[in-house]
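Just so it is clear, none of the values below were taken in a lab; they were calculated from the coordinates. What you see is a predicted model, and the numbers here were worked out from it, not measured in a lab. In this analysis, Cβ positions are derived from the backbone assuming ideal geometry, glycine residues included, and neighbour counts consider all displayed protein chains.
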Amino acid sequence: MQVIKADVLGFCFGVRRAVTMIETELEKNGPLCTLGAIVHNTHVVEALTEKGGRLVHGLDEIGPTEAVAITAHGAGEEVYSAIRERGLRIVDTTCPIVRRAQQTAEKLVKEGFFVIVYGEAEHPEVKGILSWTAGRGIATQTPEVEIPDGTTGIAVIAQTTKNPEQFAQFAERATREFASRVSEIRIVNTTCPETGRRYQAGSELAKKVDVILVVGSRSSANTRKLAQTCSATGVPTHHIESAAEIEGDWFAGYVRCGVTAGASTPDEVIEDVVRRLDEIKGE
């Protein structure tokens with residue numbers, strides 16, 4: 001059986017940047033707290049914990065002299081304010097693409113728009129983006145939503161890890177939904193270009209193989225979407241977190257197996273999967 005890796009897979013720029021920043025901080029200045037999982041991958045979180053990182057879920061868990069890391073998903077304006085009020089040092093690993101989405105949302109609200117974010121309302125990134133709208137925004141997966149009375153303009157943006165094609169479809173539906181209700185509609189594509197290339201590479205690979213493995217945490221939104229993208233091609237798709245989950249009978253009678261991975265999946269986890277597939281070939 002031939003094993004083929006996607007052209008684009010594993011750590012994206014934003015994740016690699018965040019992990020490097022935390023590792024550098026731990027090496028230079030010692031232990032620090034991360035306000036939430038730095039990225040949605042248990043392997044990464046465990047590795048950073050071993051080096052001195054401490055995962056916390058609220059500011060009340062942080063000591064008076066500890067440094068605080070903002071995750072790659074970003075945070076709300078109120079979080080930054082609360083940290084500064086306590087006099088704590090901030091290590092901000094927010095992905096630049098996410099920060100751009102936050103700034104876009106803030107700017108649009110100041111221009112008078114009500115912001116509709118195409119995304120998962122409970123995702124940390126989306127919560128962070130909405131916090132910059134001063135209450136003039138909503139997150140949704142469908143455009144049929146209520147907007148405040150008196151709204152004259154809406155702006156549509158996206159969670160950065162959303163599929164660009166799906167965002168375009170959402171924006172088109174939102175335009176139809178609100179065309180007769182507001183005087184101005186603005187569409188701003190805040191999806192991450194690298195994420196789009198990852199989905200495209202996964203889809204193209206899926207069409208060339210008999211079965212495909214998507215490697216990454218099940219808590220990772222972009223990895224779940226990647227698995228959905230591959231599955232949509234019709235090829236048997238298995239979303240796994242590690243090589244330990246691979247079952248040999250998945251490959252019976254197949255000639256080509258594809259491997260792709262989410263943006264928060266470390267290189268070593270991907271290589272473990274490839275090694276396990278090589279072992280299965282020899283069994």
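Starting from the 7 Å offset along Cα-to-Cβ, what nm value, one decimal, do you get for the label separation of Ala168 and Ser81?
Calculated label separation equals 3.9 nm.
Could you work out the relative contact order of the chain? I mean the mean sequence separation of Cα pairs under 8 Å and 6+ apart, divided by the number of residues, in percent. Write out the running numbers ahead of the final one.
Working: 532 pairs, mean separation 61.3, N = 283.
With pairs under 8 Å counted, the relative contact order is 22 percent.
With helices defined as uninterrupted DSSP H runs, which ones in the chain have an alpha carbon span along their own long axis of at least 18 Å and mean Kyte-Doolittle hydropathy of at least 1.0?
Counting only whole DSSP H runs, no helix qualifies.
Rounded to a whole number, what is D in µm²/s for the range 97-187 from Stokes-Einstein with the Kirkwood radius over alpha-carbon pairs (10 °C, 1.306 mPa s)? It would help to have the intermediate numbers written out before the result.
Numbers: Rh = 12.8 Å.
Estimated diffusion coefficient is 124 µm²/s.
Residues in the range 183-209, backbone N under 15 Å from the label point at Ala121 (7 Å along the Cα-to-beta-carbon vector): list them, ranges by number please.
none
For Glu78, Glu165, what's the fewest-to-most ordering of other Cβ within 10 Å of each Cβ? Walk me through the intermediate numbers first.
Details: Glu78 10, Glu165 13.
The most exposed by this proxy come first: Glu78, Glu165.
7 Å from Cα along Cα→Cβ at both Thr20 and Ala47: what's the point-to-point distance in nm?
1.4
Can you compute the charge dipole magnitude of the range 81-196 about its Cα centre, using +1 on each Lys and Arg Cβ and -1 on each Asp and Glu Cβ, nothing else charged? Give it in debye, rounded to the nearest 20.
Result for the range 81-196 is approximately 420 debye, rounded to the nearest 20.
In whole percent, what relative contact order does the range 134-197 give with Cα contacts below 8 Å and a gap of six or more residues? Before the final figure, lay out each step's value.
Numbers: 65 pairs, mean separation 28.8, N = 64.
Answer for the range 134-197 is 45 percent.
Compute the convex hull volume of the Cα atoms of the range 13-95, divide it by the residue count, and report the result per residue in Å³ as a whole number.
Working: hull volume 6.5 nm³, N = 83.
It is 78 Å³ per residue.
Hey, what's the per residue convex hull volume over the C-alpha atoms of the range 17-63, in cubic angstrom? If you can, show how the numbers build up before the last one.
Numbers: hull volume 3.1 nm³, N = 47.
Per-residue hull volume (Cα only) is 67 Å³.
Out of Leu35, Thr94, Ala75, whose Cα points farthest toward the positive end of the dipole of the range 13-95 (charges: +1 Lys, Arg; -1 Asp, Glu; placed on Cβ)?
Looking along the dipole axis, the top candidate is Thr94.
Could you size up the charge dipole of the range 2-77 around its Cα centre, putting +1 on the beta carbon of Lys and Arg and -1 on that of Asp and Glu, and report it in debye to the nearest 20?
On the way: 6 positive and 10 negative charges, 61 e Å.
Computed charge dipole of the range 2-77: roughly 300 debye.
Between the range 235-273 and the range 1-42, how many Å separate their Cα centres?
When both Cα centres are located, 20 Å separates them.
Quick one: order Val273, Val45, Val39 by neighbouring beta-carbon count within 10 Å, fewest to most. Provide the component values of the computation, followed by the final result.
Working: Val273 24, Val45 19, Val39 32.
By the 10 Å Cβ count, ascending, the order reads Val45, Val273, Val39.
Applying the Karplus parametrisation 6.51 cos²θ - 1.76 cosθ + 1.60 with θ = phi - 60° to the phi angles of the range 181-190, what ³J(HN,Hα) value in whole Hz is obtained for each residue in order, glycine and proline being reported as x?
Taking θ as phi minus 60°, the curve returns 10, 9, 8, 9, 10, 10, 10, 10, 7, 9 Hz for the range 181-190.
Between Gln141 and Lys107, what's the calculated FRET efficiency when r is the beta-carbon distance and R0 is 30 Å? Round to 0.05. All intermediate terms of the calculation are to be shown ahead of the outcome.
Numbers: r = 24 Å, r/R0 = 0.79.
That pair, Gln141 with Lys107, gives E of 0.80.
Tell me the net charge near Phe178. Cut-off is 12 Å between Cβ atoms, Phe178 excluded, with +1 for each Lys or Arg and -1 for each Asp or Glu. Write out the running numbers ahead of the final one.
Working: positive: Arg173, Arg176, Arg181, Arg186; negative: Glu144, Glu146, Glu172, Glu177, Glu184.
That works out to -1.
Give the shape of the chain as rounded, prolate or oblate, defined through the alpha-carbon gyration tensor: a ≥ b ≥ c are the square roots of its eigenvalues, a/c under 1.5 means rounded, and otherwise the shape is prolate if a/b is larger than b/c and oblate if not. Could you put the intermediate results ahead of the total?
Numbers: a/c = 2.91, a/b = 1.23, b/c = 2.38.
Because a/c hits 1.5 or more and a/b fails to exceed b/c, the chain counts as oblate.
Considering Cα pairs under 8 angstrom that are at least six residues apart, work out the relative contact order of the range 13-95 and quote it in whole percent.
Details: 125 pairs, mean separation 29.9, N = 83.
The normalised contact order for the range 13-95 reaches 36 percent.
With only Lys, Arg, Asp and Glu charged, each at its Cβ (+1 for the first two, -1 for the last two), find how big the charge dipole of the range 218-265 is about the Cα centre; round to the nearest 20 debye. If you can, show how the numbers build up before the last one.
Values: 4 positive and 4 negative charges, 53 e Å.
Dipole of the range 218-265, to the nearest 20 debye: 260 debye.
Suppose only helical runs count, i.e. DSSP H with n ≥ 4. What mean residue ellipticity at 222 nm does that imply for the chain under -39500 (n - 2.57) per run, divided by all residues and rounded to the nearest 500 deg cm²/dmol?
Details: 9 runs with 114 residues, N = 283.
For the chain, the value works out to -12500 deg cm²/dmol.
With the cut-off at 32 Å, tell me which of the pairs Lys51/Lys107; Lys28/Lys107; Lys51/Lys208; Lys28/Lys162; Lys225/Lys281 have Cα atoms farther apart than that.
Working: Lys51/Lys107 38 Å; Lys28/Lys107 36 Å; Lys51/Lys208 40 Å; Lys28/Lys162 35 Å; Lys225/Lys281 28 Å.
Where the Cα-Cα span goes over 32 Å, the pairs concerned are Lys51/Lys107; Lys28/Lys107; Lys51/Lys208; Lys28/Lys162.
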